[in-house]
Every structure is written in C-alpha cells, then in structure tokens.
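Everything below concerns the one structure shown next.
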Amino acid sequence: MAAQETVEHKYVYDFAEGNKDLKDLLGGKGANLAEMTNLGLPVPPGFTITTEACKAYLTTGREPDGLAAQIEAHLESLEREMGRKLGDPQDPLLVSVRSGAKFSMPGMMETVLNVGLNDRSVVGLSAQAGGNDRFAWDSYRRLIQMFGKTVCEVPGEEFEHALDDAKRAKGTQNDLDLDADDLRGLVDAYKKIFAKHTGREFPQEPREQLDLAIRAVFESWNAERAVVYRRQERIPADLGTAVNVVAMVFGNLGADSGTGVAFTRDPGSGAQGIYGDYLANAQGEDVVAGIRNTVQLQELEQIDKKSYDELLDYMARLEEHYKDLCDIEFTIERGKLWMLQTRVGKRTAAAAFVIAGQLVDEGLIDLDEALHRVNGAQLAQLMFPRFRLDHEFQPVAKGIGASPGAASGKVVFTSARAVELAAEGESVILVRRETNPDDLNGMIAAKGILTSRGGKTSHAAVVARGMGKTCVSGADELDVNVPAKKFIVAGQTVNEGDVVSIDGTTGKVYLGEVPVMPSEVVQYFEGSLDPEHIDNPLVRAVHRIMTHADAKRRLLVRTNADTGADAARARRFGAEGIGLCRTEHMFLGDRRELVERLILASTDEEREAALAALLPLQREDFIDIFREMDGLPVTVRLIDPPLHEFLPPLEQLAVNVAVAQERGEDVAKEEALLAAVRRMHEENPMLGLRGVRLGLVIPGLFAMQVRAIAEAAVEVTRSGGSACPEIMVPLVGAVQELETVRAEAEKIIAEVVGDSGVEVLIGTMIEVPRAALTAGQIAEAAQFFSFGTNDLTQMGWGFSRDDVEGAFFWRYLELGIFGISPFESIDREGVGRLVRIAAEEGRAARPGLKLGVCGEHGGDPDSVHFFHEVGLDYVSCSPFRVPVARLEAGRAAITTTGSDSR
Ligand code: PEP
Ligand code: MG
C-alpha cells in the first residue's frame, strides 16, 4: 500500500512560479510580476502570498497552518538570491509588502515599504547607499510612518505635524532641505508618537515587522473604503487580496534615481505613443499620490537615455505579449531600471474603442476579441453630450483632462458635503487639492471631480476613470482653500454652492453652467457622420465594432416607442422594430377629457360616443408609427394605466366641490364626478384595475384599440407601405383573460383586414408571476410573449416600483442584499428564473413561440447577456439604449461569461 502522503497546501509562490493567468490566486499584481519575471524583465525578486491565505485569515482571524513556515522558506531563498538578510545590521535586505487583489482597486488597500529597517540596520542601509545617511534616516522615518498608520492605526496627521514642525524649525517648506540629523530627530519624534498611540515601542524585530505588515494587508481587504469601492465597481466581496513581498529598490537615492508610471498608449484617447510621468529622486508612492509635480516621461530620454531606451523596449515587449494597452510602474535605482508592476491598463471609454480597433489593424487581435474588449457601459458614456462652447465661455483654468465627459454643478469641498447635496438631488463638483481614498463616497456622489494637483495617474484620475466620472486634475491655477470652502482662480473667488463646469476631455474649467451638445458617436448613429470619410478614429472604431456586433448577434433589438418621432430616431439607432408601444400615453393631454367621459359614462350611449371620438385619433397615432417602422414589426400594447392616472386627484376634487358648495354654486356634475372617483379609488393602484382587467371591465375599450390598429395597418399597407402589427395584452395572469380578449379581437381583425394582406399577431405580456408559472397554458392562446420585467420584478419581489428605490434600496445595497437594484439589472436567480420557466414552458407548448423582453432590463448590459442565454428572440429598450443593446447582444453571442470586460 502506498504511504499516506500529506500534501501541504501551498500558500506562497515565488515570482518565478506564477504566471498572468493565476490572478484568482496571486492577485493581478502578483500574477503580472510573475509573468514579467518569466519574460526575463528586471523585476526585483520576491514572492506572493495567495488570496486563499487571506481568505483563511479573514474567516478564522489567524494565519492558516503552514503559512509561517512557507513564508520563512521563501524569505530565506529571497535572502540567498539577494545576498542579504532581512534587517541585517551590516547589509540589510529591505522588502515592501504590497496588496494586490484580482481586480485593481487603486489605493484602496495597504502597502508598507522599507520593512526590515530598525535602529541598527539603518546604519547598514546608509553604508549600502555609499554613506548616504540622509537617505537611510529618511527611509526609516517613512517606515515608522507607514507602519504606524497602516498596521497600528496611528493617526496619520500626527506624523504630518511632526514633519511640518521639523521643516518649520529648519525654516523650509521642502522635505529635501531636511538633512540626516533632522531626519534622525524626526525618527525619534515618530517613535514617540508610535509609542503614545500603541502603548509599545516600534518593533525592532524585522520578522515581526513583516508578519504584522502582511496581516495588515490581509485586513485592509475589509477596510471601509475598499468595501465601498468594491460595491461601486461590482467586485465580489469574497475574493480576498494577495500580498506581495518584494525586495526594495530605491528611486530616492539621488539625481540618477527616480520613479515613474508609463502607458503603452494614451489611456485617455487611445492614441499611439509614449505616455507617462517621471519623478526624479522619489519613491513610487510620491507619483501616485500626485503630491509633487512630475515631468513627462519623454524627458527621461535627456535625464537617463540608457534607462529610457530600455524602458521603451520593455514597453513594446509587454504590449506585444499582452496584446493590449499596458500600464507600468518602474523605478530607476542609480541608473539601473527595475520594473515594479504592469497590468492591462484602465482606459477611458473612447480609448477602449480606439485601441481595440488599432489592435485589429496591427494584427494583434481579431474582431471578436475587439468586441469582447469594449462594453455597453462604455458606449453609453460615449453617447453623453459634450459642452457647446462659443466665445461666451472662456475657461478660467486648464488642468489635465483626466476622465472625459462634461459636468456642471455646485462646488463642494468635502466628501461629506458632496454626499449631502447629491442626496438632495443637486449636481455637485467635488473640488480638492488632491483626492485620497477617504474621498471615495464624495467622488461617487459628485457629477465631476476637480483637483488643483496631480497628473493623469493621481488618485483622483485613476479612480474617476474607473467610475466613468468626469475629472479634471492638476488645475494648478486654482488656489483651493478647503477649510474656508472656497477657491480662487483668475482673481475670482468661487465659494461653496457656486456653479462650475468641467470638461474632462480638454481639462478646461469654466465658471457657471456651460450648455451641452450631442456626442460625435450619437451623430454617427443618427446618420449625420459617414464613418468611412471622417477623420475621427473613435467614430471609425465604433462603426467597425458595431458592424461586427451586428453580424455576430443572435438577439434582435427593438425599441420602446410610442410616437412616430421616437420610432424614427430608434430606427436610425438600429432598432429592428418596436417591442413596446405603450398606448396609455396616447390618452393623456387634451384627450384626457374623452377618457374621463368614457370611464364615468353611465349609459352605453355615453360610452360609445366617447369611444367613437377616440377611434380616429388612435388610428392616426398608429398610422404615424407604422409608417416610420415600415416593414418592421410593431408591438402595440393595449391600454395599461392604473385607473387613477386618468381621473382627477381625489383630494383636489373634494376641496373644489366643498368650496363650490360653500359659494352656493351648482355642483351636480362635480359631485357625480367626485362620487365616481371615490368609488374607483384604489389603495394599491399598481395591483388594481389596470391592464387586461380594465379591458374586461370597460366594454368596447380594447375593441376600439384593436380596430384602430387594424384600420391603421390596412391603410398603411393599401398606400404602398407594409405594417406588421402585433397586439399585446398587458397584465395577463390567467389564460382565460387572454382567451376572452383574443376572441373579441380576432372577430374585429377579420372584419377590418379582409383581403388586404395585413397579418395581425396577438400575444401577451408575461409580467405577473402567475403568468410565468402557467406559461404552458398561456402559450396555447398567445402568438408571442414579451416579458414585462418591470412588473415581474415588482410582483416577484413584492417591491412597489414607485416607492422602494428611494425609500430603502440604499440600505439593501449597503447590506449587500443585492449589488445593484433589481429594477436596473435583472435578478437572475429569482425574477430571471420566472423568465426562464416561462420561456421553456411556453416553447414546449408552442414550438417556435416568439419571445422578447420590453421591461427596462432590455437595455441593461448584464441583462442582455441573460436574455441571450435564456434564448429570447429580441430585447426592446428605449431608443437611446438601442446601440448599447446591439453591442451587448453581439458580445453575448461571442462569450458565455457575462458582460464584464474589466
Ligand atoms: C413592464 O412591466 O416591464 C413593462 C414593460 O410594462 P410597464 O413598465 O408599462 O408596466
Ligand atoms: Mg408592466
């Protein structure tokens, strides 16, 4: 018998052991460090502790068995490779401890640098750096500060104040003027702060520093800002973070050292070229924090040509390898280039399309892959309007266009105030000197973000781009005074509450509200830009990818439209018919009075007169729509309003009657109306007399509509057009309801249509859970189903459509009961299951039954993928979302893994 082997769970991977496909286990950073290591790029040696170790720690509150020993073994091998020991007093190895989750969460979790420094190894570090005492003490004070703040929760301001005191004592404002003695003094001050807040001395034992730092990174997965960010970005909460332990390299060893960020293409526009920032004599965090102003990466060519050429070579290799835009963090330590991180870079919506198109041209990817790399949310963003600028509007400042779009709103200076005003329905622009992760809630609440410092890679820029939020960063003409709630620009003071407009594409800042104009992408969809002849790479890329999506998709895309104008617009956007024409909208305005007469009629004659007056009006409505949708199917839904929408409000009527009575006026008519309104008053109108119920209760109402539809179709067809009407019965819960309506409708249709050649289908909405569950029976009487996922969600969850989102959804989102409102994106497990059951049982009863969806979900990217999977024939959505649905339907057809292209 074979000996029993206990295979120890592997929690630690050397960089050489991993690869880019192990992101689940090693996180994005760890997996890509491994990939670069294996490509032979100069990555400082190190190892990655897996997300599984983090998850085990977070569940049990302690490190899993075996982890400590594995860290020890990997540390020893790192020490061997470096020829140095962690914290050795003579020649110390120092390491950085960095978080790295599967999905990038910029700045949301913790990092500790310079681990291994203590009172003795600081001397060894100085020797290593050629007797550079200043550098060694600066590194030590950075360690105490970062370690104190992230591992032991010492308030960061205390360290900031001590640093300010040291600079004041020296009579300077610049950190670089502090010499070794000043920094040694600062280390003492920091140690006292540390001891005061933690009740213990700063740990001198390097391995203890390392273990505590690793634990702090694990715990930072659950830090509040990380939780908020994940919710916003829809990143699952149970992934955990990996931890990377990497040999330190230093960009702050003098003028021949530095650190930077590089992009292989412009993440803003997608243009080819070299983009990035470089900061001499600095550590990496200084660049990302946007605290000091950087120079453009191209200037590195003058500063250090050898490193620059080497970097360009690696950038080209990485792009070739990843076949995508890469972003890179690097450090130069005394003329030697080190690659600290790479990943497939975040980009704006425009850049996503442009780059996908370029990569196809370059032969690096095919069109399917290009389609996979963009998504409907990005396309929707490109359809946003832009500022309409004429000479009236002169910018008062220009910063960096960090995240595109046009946003106007009231200026606020704190995250809390942004949240407060946004909750009151105001548009706000969050203005800060620079943002930090604590500003996240305010950034989510704001329409746009404006900072006076920082570049394209500052926190504000990275986070805003990720959220698709307009952002201008580094507008350094702004003198921002947060405590005084104002900023000064071009001699003018802008106070909290004043309106500004920011253009995230050009970086320009305007006072007041600038009007907006439609996007080029919308102009293209509307047919006023010819993609073949326009010198606009974005429009060309959108055209190309949309054409491919259309060729690939199985789902048809229709639109929800109830006027000829909407139908025409949707058709230009690519709609292949109307999936929902809501006829109740045709009964409002000056027709309201006729409807009132109809509902309140006390004799057959009165009712018939009202219907006879409505018939020609309805017929004209349908003629208009059928003409615009010539040759394409038009689903007309019979009237479905809650009754109260047509009647005067009860309270107002009661007051009017009382006042008139008081004055002794003749109120017989008003009293009759009031009595009728009282009689028909409903506590729950959404669950009351609406839809098919109304049609069964008011004789002749549905018959009038059916007649108007049929007559309109015949007229359009006789005049040379082609009308394809589909009559849809709303709110059906039982097949008997449908059968009753259908029997009457068929008679009228046969009578009207005669030999005109017009064909009229009769089908039903599936929007009551009972209908979904009895779909097999209902299909016997229906020529098509269209899922009304708004009502299906309302009735599936028991959530009032009109009330719950404002009332308590915020709490449900906070508690993670759902990650997104089920009215916005289909609840696959619950409401989606009803759709699935109805689709299967409907088609089992009637093979080939035509299936569509016309609730709001028909234009939601994730939901489109679901409807594709369930096998519907079409989705129907508002005109503006038609292109988004076309794109996502194409993406759904080439992938089985949801709509995410993160
Ligand atoms: C629905 O319920 O999803 C639907 C499309 O109908 P309405 O929104 O008009 O109730
Ligand atoms: Mg409905």
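Structure summary
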{"read-out": "Sum of side-chain charges, Gly776 neighbourhood, beta-carbon under 14 Å (Lys, Arg +1; Asp, Glu -1)", "value": "+1"}
{"read-out": "Relative packing of 470-478, 122-130, 744-752, 872-880, which averages over residues the other C-beta atoms within 10 Å, highest first", "value": "470-478, 872-880, 122-130, 744-752"}
{"read-out": "Ranked packing of 762-774, 826-838, most packed first, by mean Cβ within 10 Å", "value": "762-774, 826-838"}
{"read-out": "In Å², nearest 10: area of Arg811 left accessible to a 1.4 Å probe", "value": "100"}
{"read-out": "Gap separating the Cα centres of segment 719-748 and segment 399-462, nearest whole Å", "value": "52"}
{"read-out": "Surface share of carbon and sulfur [accessible, 1.4 angstrom probe, percent] for the chain", "value": "49"}
{"read-out": "Kirkwood Rh (inverse of mean 1/r, distinct Cα pairs), segment 735-801, angstrom", "value": "13.3"}
{"read-out": "Computed [θ] at 222 nm, helices only, for the chain once each DSSP H run of length n ≥ 4 contributes -39500 (n - 2.57)", "value": "-14000 deg cm²/dmol"}
{"read-out": "Sequence of Lys469, Lys669, Lys336 from largest to smallest accessible area, 1.4 Å probe", "value": "Lys669, Lys336, Lys469"}
{"read-out": "Most to least accessible of Tyr13, Tyr57 (protein chains only, probe 1.4 Å)", "value": "Tyr13, Tyr57"}
{"read-out": "Cβ charges +1 (Lys, Arg) and -1 (Asp, Glu), total dipole of segment 597-674, debye", "value": "140"}
{"read-out": "Net charge contributed by nearby residues that have their C-beta within less than 9 Å of Leu598 (K/R +1, D/E -1)", "value": "0"}
{"read-out": "Unit charges on C-beta of K, R, D, E only; dipole of the chain, Debye", "value": "840"}
{"read-out": "Where the Cα pairs of segment 404-552 fall when distances are cut into 5 Å bins, in %", "value": "2, 10, 18, 19, 16, 10, 8, 8, 6, 2, 1, 0"}
{"read-out": "Sum of side-chain charges, Gly491 neighbourhood, beta-carbon under 12 Å (Lys, Arg +1; Asp, Glu -1)", "value": "-2"}
{"read-out": "C-alpha center-to-center spacing [segment 300-379, segment 151-197] in angstrom", "value": "39"}
{"read-out": "For segment 355-456, size of Cβ-based charge dipole, Lys and Arg +1, Asp and Glu -1, in debye", "value": "540"}
{"read-out": "The chain - accessible surface per residue (Å², probe 1.4 Å)", "value": "41"}
{"read-out": "Label zone at Ala255 (point 7 Å along Cα-to-Cβ), backbone N below 20 Å, segment 302-339", "value": "302-309, 332-337"}
{"read-out": "Positive-end residue, segment 390-435 charge dipole about Cα centroid, Cβ charges, pick of Gly425, Pro404, Thr414", "value": "Thr414"}
{"read-out": "Distance between segment 494-551 and segment 584-604 - C-alpha centres, whole angstrom", "value": "43"}
{"read-out": "Length released on extending from Glu651 to Ser77, taking residue separation times 0.36 nm less the Cα-Cα span", "value": "198.5 nm"}
{"read-out": "Distance (nanometres) between label positions extended 7 Å along Cα→Cβ at Asp179 and Trp797", "value": "6.7"}
{"read-out": "Solvent-accessible ranking of Met146, Met629, largest area first, probe 1.4 Å", "value": "Met146, Met629"}
{"read-out": "Reachable aspartates and glutamates from Lys170, criterion Cα separation under 14 angstrom, eight or more residues apart if same chain", "value": "Asp179, Asp181, Asp182"}
{"read-out": "Furthest towards positive pole of dipole, Ala446, Leu611, Gly273, structure part the chain, Cβ charges", "value": "Gly273"}
{"read-out": "Among beta bridges that DSSP assigns inside the chain, antiparallel share in %, nearest 5", "value": "60"}
{"read-out": "Glu596 accessible area, assembled protein chains, probe 1.4 Å, Å²", "value": "50"}
{"read-out": "Coil-residue GluC sites (Glu not before Pro) of segment 192-252, DSSP, other Cβ within 10 Å capped at 14", "value": "Glu201"}
{"read-out": "Above-threshold pairs, the threshold being 20 Å between Cα atoms, out of Lys20/Lys306; Lys85/Lys196; Lys20/Lys336; Lys346/Lys410; Lys29/Lys55", "value": "Lys20/Lys306; Lys85/Lys196; Lys20/Lys336; Lys346/Lys410"}
{"read-out": "Evaluated at q = 0.09, 0.11, 0.20 Å⁻¹: base-10 log I(q)/I(0), Debye formula over Cα of segment 647-760", "value": "-0.42, -0.57, -1.00"}
{"read-out": "In segment 61-120, trypsin sites (Lys or Arg not before Pro) in a DSSP loop with at most 16 other beta-carbon atoms within 10 Å", "value": "Arg62, Arg120"}
{"read-out": "With all protein chains modelled, accessible area of Ser719 [1.4 Å, Å²]", "value": "80"}
{"read-out": "Leading residue at positive end of dipole, the chain (Cβ point charges), from Val692, Phe880, Val667", "value": "Phe880"}
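The values are calculated or read from the model by the stated rules, or taken from the named source; none is laboratory data. All figures in this text were calculated on a predicted structure; none of them were measured in a lab. Neighbour counts are summed over all protein chains in view; Cβ atoms, including those assigned to glycine, are modelled from backbone coordinates with ideal geometry. Remember, those area values only see protein heavy atoms, side chains included, never the ligands or the DNA or RNA. Shrake-Rupley method; radii C 1.70, N 1.55, O 1.52, S 1.80 Å.
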